[in-house]
Amino acid sequence: MDRVTETHFESYRPGRSRAPEFYGFVAWTSTTLAFVLYILWGLLPQEYIEWFGIHWYPNREWAILLPAWSIMLVITTYLVYSSMAIAVTPSFSDMSSITDNYTVFPTSPNNHTPYLDSSSTPVLYDMPIGLVNRVLYDSLDPEQYE
């Protein structure tokens with residue numbers, strides 16, 4: 001056997017259903033047929049359509065309106081989704097932008113000396129934002145920003 005035939009037989013297994021292949025083919029064929037009919041409906045003169053025996057069909061302006069409305073629907077969906085995400089975002093001054101319901105603070109809030117050493121590895125829990133700011137920005141010279 002040549003190599004092409006071997007790979008064909010290796011990909012086909014008797015226990016595997018081939019139904020998705022047929023469903024895909026039917027979907028591809030039906031959408032292609034629907035697109036061709038849509039193009040013919042939009043472009044053929046009325047006499048040719050009536051010659052095929054079709055005497056009622058939607059107004060031709062829908063050939064332009066359907067794609068235009070579809071595009072506007074997709075764009076509006078993106079805009080509404082983005083706007084809703086921005087609307088529910090907490091402001092910067094809200095504490096929920098820093099903490100959440102699962103925040104675990106240290107048991108003794110006054111003992112933060114292990115954090116002040118940059119080589120130490122602390123126990124895993126949330127640190128108060130004031131302590132983080134003190135460790136990060138207290139050692140900086142305020143005159144360098146003036």
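Please treat every number below as a calculation from the coordinates, not as lab data. Treat the numbers as computed from the prediction; the structure is a model and nothing was measured.
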Report task. Quote to one decimal, in nm, the extra length available between Val26 and Met127 on full extension: 0.36 nm per residue of separation minus the C-alpha distance between them. Result -> 30.4 nm
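Expressed in nm to one decimal, what extension gain is obtained for the pair Leu44 and Tyr81 from 0.36 nm per residue of sequence separation less their Cα-Cα distance?
9.4 nm
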Query - Phi to ³J(HN,Hα) by Karplus 6.51 cos²θ - 1.76 cosθ + 1.60 over region 24-34, Hz, x for Gly, Pro - result: x, 5, 5, 5, 5, 5, 5, 5, 5, 4, 5
